[in-house]
Protein chains: 4
Amino acid sequence: MDIGVIGTGLMGSTHVRLLSSFVSGARVTAVSDPVSGEEVAAAHGVGTVHADPLALIRDAAVVAVVIASPADTHEELTLACLQEGKPVLCEKPLAATAEACGRIVEAEAALGRRLVQVGFMRRYDPAYLELKRGLDEGAIGAPLLAHMAHRNAVAPGHFDSAMIITDTVVHEIDVIRWLLGEEIARATVLAPRPSSRTRPGLQDPQLVIFETESGRLVDVEAFVSSGYGYDIRCEVVGESGTLELAPPAAVTARIAAQRGVAVEPNFQGRFATAYVQELQTWVTALAAGGEPTGPAAWDGYAASVVAEAAVESLRTGTPVAVELAAGLAAR
Amino acid sequence: MDIGVIGTGLMGSTHVRLLSSFVSGARVTAVSDPVSGEEVAAAHGVGTVHADPLALIRDAAVVAVVIASPADTHEELTLACLQEGKPVLCEKPLAATAEACGRIVEAEAALGRRLVQVGFMRRYDPAYLELKRGLDEGAIGAPLLAHMAHRNAVAPGHFDSAMIITDTVVHEIDVIRWLLGEEIARATVLAPRPSSRTRPGLQDPQLVIFETESGRLVDVEAFVSSGYGYDIRCEVVGESGTLELAPPAAVTARIAAQRGVAVEPNFQGRFATAYVQELQTWVTALAAGGEPTGPAAWDGYAASVVAEAAVESLRTGTPVAVELAAGLAAR
Amino acid sequence: MDIGVIGTGLMGSTHVRLLSSFVSGARVTAVSDPVSGEEVAAAHGVGTVHADPLALIRDAAVVAVVIASPADTHEELTLACLQEGKPVLCEKPLAATAEACGRIVEAEAALGRRLVQVGFMRRYDPAYLELKRGLDEGAIGAPLLAHMAHRNAVAPGHFDSAMIITDTVVHEIDVIRWLLGEEIARATVLAPRPSSRTRPGLQDPQLVIFETESGRLVDVEAFVSSGYGYDIRCEVVGESGTLELAPPAAVTARIAAQRGVAVEPNFQGRFATAYVQELQTWVTALAAGGEPTGPAAWDGYAASVVAEAAVESLRTGTPVAVELAAGLAAR
Amino acid sequence: MDIGVIGTGLMGSTHVRLLSSFVSGARVTAVSDPVSGEEVAAAHGVGTVHADPLALIRDAAVVAVVIASPADTHEELTLACLQEGKPVLCEKPLAATAEACGRIVEAEAALGRRLVQVGFMRRYDPAYLELKRGLDEGAIGAPLLAHMAHRNAVAPGHFDSAMIITDTVVHEIDVIRWLLGEEIARATVLAPRPSSRTRPGLQDPQLVIFETESGRLVDVEAFVSSGYGYDIRCEVVGESGTLELAPPAAVTARIAAQRGVAVEPNFQGRFATAYVQELQTWVTALAAGGEPTGPAAWDGYAASVVAEAAVESLRTGTPVAVELAAGLAAR
């Protein structure tokens, strides 16, 4: 399948590399990026570089589109894909605001068929999938609570306190909705004493509490300057037991009075398999003439609404209710 | 050292057994319990059974007292020990109310020397001690957050929702104060959808959030009908890393497509070493003519004030500030 | 790249599936198997089914060949690939006897370029690769010993005692040579009291001791009817520490007084990533016009010589020296 | 119970400390050591220091004796205890030679009652006990194999190659006999390339293979200069699963891209609980008027016979049969 990739920064160039060399049945035929487009195209043998991303979307040699450009371009580009009737895998967030996400949900609903998938790649991580399978099989009875942590080694330089929610916790928001199979109804952000090792003014870490429609509680520690590595934790507590992501471990070293394993330095390593599976599953479904089966526009919309409620809670210091637009097509 | 034990139920009879057979330099010379006193005395070769616990305290053959009778007797008995000038190890809670605890603190302060120790045995658990040592040595920099869980397999029949705080979470309250070396300033109890497998009306699990004076946040899951076993979790997150209690594991079994370890069924097994060390350290210090070095009356008082704030939060659904009496002698 | 697959049983059909749907740049254009050829071709959209595997090898629409037919066909088919000048990935063993493997080494050497790769897929397993990287970086100093175990849940019905070496331990033989970077010089097979739960007459488990040229010792437990699952263990002991494969674990379940993880039931699950990486790396190298970079004909030969020595030791009960033909082209 | 301790070096002074301060019902009333006797007595309030260890044994204020002096004194001292009719806990080895051990077995048998216990403290380690319990309950069916490792951080300066067996592996010899409940019939010592980081001439590590009477095989890695710490490994493989000592872990640290736990530096830490339990169980049994229940003189004798066979195998490079004297009283 011939794919065009818009945005070839860190995330987009990874997609180009994976689609070119590790995904069966895929080929990148065009890219568009004002900075690195030419270089990435050369590195991976991509034939066409479009200056205008809309031209890429209209390019007849592009059957499906991956969007990995800055968030504020997502709405326009995704709507253009819908207009062209081309499947689009859009990196999170689906759009810069929940309202904009809602417009995409409506536009796709008006088309009458699924074209949009949102890049919540964790749904393709083997460990999360095993956890989800256990939940669905009733291994621990009805879930009541979940505890999560999302830690990066060092905060990106451009991060502000709200981005810890919109760019980091947004993954947990999607995971909660997916694992528990219901919407989040309320968000509360608690701000502990911040780390002195990160940029002054950055509220890091944060402790976010989500309440689902049925009253389940999920606490999420977000700590983007944890210092020691990239670490994703998740334990779901049910009525008869718990399921927890086992910390990744390939090799145990016994050296110098320590027995230990290496911690992944970044998300690219931790979720390497998930990224390939996300793309492979997407390509395989589309190549067979089907619709995408991954996270839908509604998932992107719901995640954005919840994230905005959490940002509001961070600002005000009080719990904020999540208001999903009843009029939008449900999942 | 000749010791008298008041109350020989589950906890008190354990103390009699340990003091009689596993603590160097200790001997139980008298017990008092209206129900099981005679039986426990016979089982462990205790010479005297007092019908009146106050008589036990006054007994010249009793050098130090362990109190493990019901909570509402603690104040009177502890004060009696102070009056007799005898060291007393009182099971938690120090007294039935924070106010009563305060009176004990004042009475001991008036005496001018330490006689009271409160039975927060976790401070003697080897794993907690290693965690505390790591914190004190700065292994993870300044602590910012902590995540804890306290799970029992099955809720005791007499438990109500408040007791999940006063009898269960009270251990975490002491651990937080001890590990972080500061007071708790605020408590918030969140009530998720309760388990359908426990007694109707019991709010179980609970998610309790504590904020310390310096703004650190600690979340505690309390779940007394977890179904699967007794499980104590604790991870402290610092500015440059985290320290976490490793789940207890003695033998790994590979059987029937599973690799696993047994989970402790109850607190007696999980904290067996802690109970012995608590008593041994207490006896050794007293036998050397010193004062007790374990949790003080103030610790019992502070834990009770925090627990009462949490119970109030459970009732009202809002955060409750912890008000420690400024006039009382500080630790 | 257009690939023909000879033999579409358990292993060969897996290769067809992976090459068709999970390997970038690969396509299966022909298969040959007297039993399942038609069915597998239909399932994966393979255009041609050859009754004669030699016809598949000569098929102009086949650029490279995978051999997964019975071991006694490997020599003839691999030599035919060499004659056609086509790259061939041959499942282990490279041929039915060490002598036959030697003829393949010689034939390829006569050609003057590498065409043969042997299917020792463990060299592509991420955990083994991390272990090898650690060794090569000197993390534990010079290796002195290694301990390995290879356990299957249930012995295949056709297994005899020698096959536990030639089909099972042969993987460890290759791993030892690859990890330690030297040849094995001696093999000793010890036969403990066999399991009563497997077929009478089968010597299972076996304890195999290998000595390398430089005097390192490796013990390998082979137990193909372990009862509980598929489990691969490997610890290398060096002068300043050890490196060990961490047991695979995705999700930890706390249920019914146990904390555990699932054990893989079979090699397909345990080495799923390794199989894909083996094929992807092979296809990518060939598609770029290069030679295969994986295990060479010499590796297949050396593994067979060692396996034959071990089988001889199993028969005689004494250590047997490994005699590699000095005249054959070295690695 | 009033105890005399002969030999107050590293091991003996530990016994004095534990008996004085951590064992219920015990008191050290006399010690004897030409070097450190006075100092240890002063440190622990021991009343009498005997210049002559035989005088200590005859001392009326000594009810039971602990022997922790050099191995070549054990026979004479233990026999003296038997002559005095006093219970004796003798550190391993029971005597300097198997023949001497045999004389102790005979002397005790002639007395007609048990007085001797040998200091194989691992039988009191909680993890080994749980493993033994699992075996006895049939958790893994009939045992077939066991894999063990015994690693010290740094070899003691006075160690020679034979002492790696007689002082180190001797613990595994006892553990094998105890866990499997049968005698060892044959020993083979394999000598890999030795570590370059230890004393020249020291054969370290060694790989020892034991075969039991019923044909079970046990491999033991002994590596006294492992470099990284004190590490004891043991996995028993049965017909339907395996049981393995879980590596000790109290606190998991996530720091600097590593997730790890501390490895015990030495045996005192690893077996701290075992030493206390060994002494407590011994004292409790004797104080109740009973016989010692721990490892018997026969166990000390059998361990020495096996160790001597292993030393012979180390010397000759061939398997050596274990010949237990049929005439000696069985266990």
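Observations
- The residue list A:Glu182, A:Glu84, A:Glu130 contains one member that is more than 23 Å from A:Val305 (Cβ to Cβ), within 14 Å of another protein chain (Cβ to nearest Cβ) and among the charged types (D, E, K, R), which is A:Glu130.
- Residue match in the stretch D:197-204 (condition: among the acidic types (Asp, Glu), in a loop (DSSP other than H, G, I, E, B) and out of contact with any Phe, Trp or Tyr (no Cβ under 9 Å at 6 or more places or on another chain)): no
- Screening B:Ala68, B:Ala30 for residues that are within 23 Å of B:Thr97 (Cβ to Cβ), in contact (Cβ under 8 Å) with a residue 12 or more places away in the chain and in contact with a helix residue (DSSP H, G or I) (Cβ under 6 Å, 6 or more places away or on another chain) leaves exactly one candidate, B:Ala68.
- Sole exception among (1) touching a strand residue (DSSP E or B) at 6+ places or on another chain (Cβ under 9 Å); (2) surrounded by fewer than 20 Cβ atoms within 10 Å (Cβ to Cβ); (3) within 14 Å of chain C (Cβ to nearest Cβ) for B:Ser240, by number: (3)
- Output for the stretch C:9-26, where each listed residue is farther than 21 Å from A:Val28 by Cα and among the polar types (S, T, N, Q): C:Ser13, C:Thr14
- Verdict on C:Ser32 being touching a Pro at 6+ places or on another chain (Cβ under 8 Å), at pLDDT 95 or above and at negative phi: yes
- Checked against the criterion of being buried (at least 16 other Cβ atoms within 10 Å of the Cβ) and at the interface with another protein chain (Cβ under 9 Å from one of its Cβ atoms), the stretch B:152-164 has at least one qualifying residue.
- Some residue of the stretch A:55-62 being without any contact (Cβ under 8 Å) to a residue 40 or more places away in the chain, among the basic types (Lys, Arg) and within 14 Å of chain C (Cβ to nearest Cβ): no
- Some residue of the stretch A:17-28 being of a type outside the set (D, E, K, R), surrounded by fewer than 24 Cβ atoms within 10 Å (Cβ to Cβ), over 20 Å from the mean Cα position of the chain (by Cα) and over 29 Å from C:Thr273 (Cα atoms): no
- Tally, over the stretch C:34-53, of residues that are assigned to a helix (DSSP H, G or I) and surrounded by 16 or more Cβ atoms within 10 Å (Cβ to Cβ): 5
- From the list D:Glu291, D:Glu221, the one residue that fits, being farther than 29 Å from A:Asp231 by Cβ and more than 7 Å from every other protein chain (Cβ to nearest Cβ), is D:Glu291.
- The set of residues in the stretch C:65-121 that are over 17 Å from C:Leu279 (Cβ atoms) and in contact with a Ser or Thr (Cβ under 6 Å, 6 or more places away or on another chain) comprises C:Pro93, C:Ala98, C:Cys101, C:Ile104.
- Single condition B:Ala249 does not satisfy, out of (1) hydrophobic (A, V, I, L, M, F, W, C); (2) more than 10 Å from every other protein chain (Cβ to nearest Cβ); (3) part of a loop (DSSP other than H, G, I, E, B); (4) within 20 Å of B:Leu131 (Cβ to Cβ): (2)
- Hits in the stretch C:273-292 (condition: out of contact with any helix residue (DSSP H, G or I) (no Cβ under 9 Å at 6 or more places or on another chain), free of Cβ contacts under 8 Å to residues at least 12 places away in the same chain and either on the phi < 0 side of the Ramachandran plot or assigned to a helix (DSSP H, G or I) (or both)): C:Ala285, C:Ala288
- Some residue of the stretch D:152-175 being farther than 30 Å from B:Ala257 by Cβ, among the hydroxyl-bearing types (Ser, Thr, Tyr) and at pLDDT below 95: no
- Residues satisfying the stated conditions in the stretch A:185-195, i.e. in contact with a Gly (Cβ under 7 Å, 6 or more places away or on another chain) and either more than 11 Å from chain B (Cβ to nearest Cβ) or surrounded by fewer than 20 Cβ atoms within 10 Å (Cβ to Cβ) (or both): A:Arg193
- Total residues in the stretch D:299-331, condition under 20 Å from D:Asp167 (Cβ atoms) and either part of a helix (DSSP H, G or I) or free of Cβ contacts under 8 Å to residues at least 40 places away in the same chain (or both): 17
- Considering only residues in the stretch C:196-217 that are modelled with pLDDT of 95 or more and among the polar types (S, T, N, Q), the one that is surrounded by the most Cβ atoms within 10 Å (Cβ to Cβ) turns out to be C:Gln206.
- Residue match in the stretch B:272-281 (condition: crowded, with 21+ Cβ neighbours inside 10 Å, of a type in the set (Ser, Thr, Tyr) and over 30 Å from B:Arg17 (Cα atoms)): no
- Against the list (1) facing another protein chain (nearest Cβ under 10 Å); (2) more than 12 Å from B:Ala155 (Cα to Cα); (3) not acidic (Asp, Glu), the condition B:Thr198 fails is (2).
- Pick from the stretch D:201-218, criterion closer than 15 Å to C:Pro192 by Cα and out of contact with any strand residue (DSSP E or B) (no Cβ under 7 Å at 6 or more places or on another chain), ranking: farthest from the other protein chains (Cβ to nearest Cβ): D:Ser214
- The stretch B:252-267 - residue that is surrounded by fewer than 21 Cβ atoms within 10 Å (Cβ to Cβ) and not polar (S, T, N, Q) and, of those, farthest from the other protein chains (Cβ to nearest Cβ): B:Phe267
- Whichever residue in the stretch B:213-246 is outside any loop (DSSP other than H, G, I, E, B) and over 22 Å from A:Phe210 (Cα atoms) and, among such residues, is farthest from the chain's Cα centre (by Cα): B:Gly241
- Within the stretch D:268-278, the residues that satisfy the criterion of being more than 10 Å from every other protein chain (Cβ to nearest Cβ) and either of a type in the set (Ser, Thr, Tyr) or farther than 25 Å from B:Ala139 by Cα (or both) are D:Phe271, D:Ala274, D:Tyr275, D:Glu278.
The values are calculated or read from the model by the stated rules, or taken from the named source; none is laboratory data. All values reported here derive from a predicted model rather than from experimental measurement. Virtual Cβ from ideal backbone geometry, glycine too; neighbours counted across all protein chains shown.
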